1. Apply the Karplus parameterisation 6.51 cos²θ - 1.76 cosθ + 1.60, with θ equal to phi minus 60°, to every residue of the stretch A:188-204 and state each ³J(HN,Hα) to the nearest whole Hz, in sequence, with x for glycine and proline.
2. If each of residue B:63 and residue B:15 carries a label point 7 Å out from its Cα toward its Cβ, how far apart are those two points in nm?
3. Using the 2.2 N^0.38 Å rule of thumb for compact globular proteins, work out how the protein assembly as shown stacks up: its C-alpha Rg over that value, please.
4. Treating the angle as unsigned and between 0 and 90°, give the value, to the nearest 10°, between the Cα long axis of helix B:54-68 and the longest Cα principal axis of chain B.
5. Return the long-range amide H neighbours of residue A:99 (sequence gap of 5 or more, or a different chain), with a cut-off of under 5 Å between placed amide H atoms.
6. Could you line up A:203, B:115, A:131 from fewest to most neighbouring Cβ atoms inside 10 Å?
7. Going through the stretch A:20-124, which chymotrypsin sites (Phe, Trp or Tyr not before Pro) have at most 16 other Cβ atoms within 10 Å and a DSSP loop state?
8. Which residues make up the longest stretch of chain A clear of trypsin sites (Lys or Arg not before Pro) that lie in a DSSP loop with no more than 15 other Cβ atoms within 10 Å, not counting the sites?
Amino acid sequence: MGTLKDGINGPFRGKAGSVIGSNWRKINYIKGLPRKTKRPASTDQLLERRKFALLNRFFDPLSGLLEIGFRQFTSRATGKNAAIRYNYDHAFLIDGSQVTLDYPALQFSHGSLFTAGDEQAHVDGDTLHITWDPETYGMGRSMDDVARMVIYEEIRETFYSGGRPLRYEGAEQFTNELLTLRPLKLHLWLFFVDRAGKQVSRTTYIPIAHPES
Amino acid sequence: MDIDFFYDRGKPKKKEQSYGRLAVQQRMRLAMAFLHPLRPIIAESWLNQGKGNRSKAFGQALKALMQEAMEGHYPDQRVAAERVRISSGLLPAIHVEDVVCGDRVLEVYFSDESTPMGSSTDEVVLVVYSPEVGVAGRNTETSFRKDGHIRLRIPAQLQSRLFHAYLFLHHTKKKQYSKSVYLGQLEG
């Protein structure tokens, strides 16, 4: 049964007739009861559902990181919510009814900190070498910004996170047996977070040069 | 009774906005997008106009850009970078003699007429900025009005790209600033 919290016009929680009141992140919601439909979904609906499921599943293991990357948008949504909203319009490659993720277009963060520039990565044996420009150029960056990186192996659908080097270090190495396996389809993204954890940069996709794919 | 007569799902609920409103919204969006990456500089260089408040300073710079540096008509409005002032004040500017853009290095040679308002120890600030990339950089070594020369290392992201360059001066204690001088669109 619904209960009125702040008087007759206030928000309520629970069921009242055909509507349900609820509250999430200090937002009061009022929802209608779900209705079942026997009508089959249209092609467009199915495509949207596939897109949503694909992105949702991809971001699932990264929710902690997305809370950092999209922190400025998380007062009334989770980091993953914000990431899905931000990426949904440009994160897909659509070929007829086939939907795949456009990995270089994905963003794990959004903010006003500047990216490093000159980012490069290559695999050597079981080590992935990542480098970037460590200079600060007087504005929009700090020496002690923390680099956050996401490594994804597409064939095995596995995520790895690198260390947390500082911007001035300009390099990081990631060692894993996985890198010796073939075939290997690696994706790497890098963004920076300031020391206070309040400001972030946009995400840079770094193409990886490796001996054989 | 046909309920669609009262409520048509296909009909957009929002009223179409007027031309004037859309034009102002676009101007605001373009101005914000142009100035936002320069916030750390503008917060200081427009501080006098913002009466000591960094956020008001940005507001004043935004207002000046919208009034003086927008061209074209909606929907083809754009920011004229050469008319943007990234700094504002009464400090006398300098006369730019030469701009040399080399391998990731930008050098500017300038001369100065001595005036009672300007001091030889006024610091010169050189800024490079690409609104398309959203990245800017400024000189990291201090240069003074008396030096006649300033050098800046161009950020990696601006390599082989077009960028805008601006120059301005400020008093050593950062209490007075000059109007910025646009040096042109260069390639890194």
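1. Result, ordered by residue: 9, 10, 9, 9, 10, 10, 6, 4, 6, x, 9, 10, 10, 9, 6, 8, 10 Hz.
2. Between residue B:63 and residue B:15, the label points sit 2.9 nm apart.
3. That ratio works out to 1.23.
4. Once rounded, one gets 80 degrees.
5. Under 5 Å from the amide H of residue A:99 lies no amide H from a residue far enough along the sequence or on another chain.
6. If I rank by nearby Cβ atoms, fewest first, I get B:115, A:131, A:203.
7. A:88
8. A:77-155
Coordinate-derived values only; no laboratory data. Remember, predicted model here, so these are calculated numbers, not experimental data. Neighbour counts run over all protein chains shown; Cβ positions are idealised from the backbone, glycine included.
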